[in-house]
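Notes follow the structure.
Derivation of every value follows stated rules applied to the coordinates shown; laboratory data play no part. Since the model is a prediction, treat every value here as computed from it, not as a measurement.
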Amino acid sequence: MARVAAERLRRGTNRPAIHLAYMLLRSGLESCARLPELLRRVPVDAVVVSMLDFVPAKDLRAESVRLDEGGLAAARRLLEELGRQGWPVYHYLGHVPPRRCAENPYRALFVTVDGSVAPCVYLGLPVVEPVEVYDIPAGRFHAPLIFGNIGERTLAEVWRGRDYRSFRRALKRGTLPEPCRLCLKVEGPAGR
């Protein structure tokens, strides 16, 4: 990152943009307090803070800041401090309208490495068999939700496909499809 920043200065440009992506884990809350100091030394354009929202193993549940009120409060303090220092910070801490998805599947999508198209990264995970997920008190099972493949149809054709359109309409009505009902990226009664 420092090498890219030095090259930008040498060229007199602000491209490529440098975004620091930070996965906030419960075990790293203490060390993340040093993030503002790091940012003073390394020129970045924005900070993207994400949390462990998809918990595919029981022993990882304790790492999810979203599932821990104390951890969530510490995360908010960190983001407020970064904001006070003037850093553009992008994050999701549960600030979406009720029964809406923070991944914005109405306007965005996820293409897997093999060309499969899913509404979001979570529904595009390449699992062969349903995987038990531990991001809520009672485990649930996750399976991908794929609407097509860009190796077989154009992206526009996949996006406009009947099943994909039905999926988006259901989300907009607030009728969450089965794979979305317990996702931590969805707020509201069906999202918790």
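Before moving on, here are some points about what is shown:
- Amide H within-cut-off set for residue 110, under 5 Å, with H built and near neighbours excluded: 118, 120
- Residue-by-residue Karplus 3J(HN,Hα) for the range 23-32, coefficients 6.51, -1.76, 1.60, Hz, glycine and proline x: 8, 8, 10, 4, 5, x, 4, 5, 6, 5
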